[in-house]
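Just so it is clear, none of the values below were taken in a lab; they were calculated from the coordinates. As the structure is a prediction and not an experimental result, all values here were calculated from the model. Positions of Cβ are backbone-derived with ideal geometry, glycine not excepted, and every protein chain shown enters the neighbour counts.
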Amino acid sequence: MAHPYHHSLSSVRKWGGRIEDYQRIHDWFDESKKIIADFRHRALRHHAEGIFMAETIFGSTISLSTGRVIPVRWIGEQHVREDLGFIPSFADWMKAIRPEPWMGRALRMDSEEN
């Protein structure tokens, strides 16, 4: 899916309520587009740990405008599955990143600077 609005429409079709009931959660998953505006932004939140992080931020459930209570985890799982087709682990994303020499470089610390 291209936009959190469309994920929210999908949530409405699945569980009822209004777009506004879901929008902030779907916005959060795609907020990383501020950093990189292509599919790589998904590596930051589109995985199992990201779904549990959403629960920590938004609570374990939300109450829809209809009064129905929906687990936030369901909404996160829906979002990730719609974008990727499955729910990867964070390790799945990391295995796909090609290591570069600068990533492991560390400067020697002088004992006088401590």
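Tallying residues that are surrounded by 14 or more Cβ atoms within 10 Å (Cβ to Cβ) and either closer than 20 Å to GLU49 by Cβ or of a type in the set (Gly, Ala, Ser) (or both) within region 1-23 yields 7.
Among the numbered conditions (1) under 17 Å from MET1 (Cβ atoms); (2) in contact with a helix residue (DSSP H, G or I) (Cβ under 6 Å, 6 or more places away or on another chain), the only one that GLU49 does not meet is (1). Note on region 18-56: residues that are farther than 24 Å from ARG68 by Cβ and of a type in the set (A, V, I, L, M) total 6.
Restricting attention to region 51-103 and to residues that are among the basic types (Lys, Arg) and assigned to a helix (DSSP H, G or I), the residue that is surrounded by the most Cβ atoms within 10 Å (Cβ to Cβ) turns out to be ARG73. Taken as a whole, the structure places ALA37 among residues that are part of a loop (DSSP other than H, G, I, E, B) and out of contact with any Lys or Arg (no Cβ under 8 Å at 6 or more places or on another chain).
Please determine whether any residue of region 83-104 is under 14 Å from the mean Cα position of the chain (by Cα) and among the aliphatic types (A, V, I, L, M). Yes.
Does PHE29 fit the bill of being under 15 Å from the mean Cα position of the chain (by Cα), closer than 24 Å to LEU9 by Cβ, outside any helix (DSSP H, G or I) and hydrophobic (A, V, I, L, M, F, W, C)? Here the answer is no, as PHE29 does not meet what is asked. Taking region 47-77 as the range and being of a type in the set (D, E, K, R) and touching a residue at least 40 places away in the same chain (Cβ under 8 Å) as the test, the residues that pass are GLU49, ARG68.
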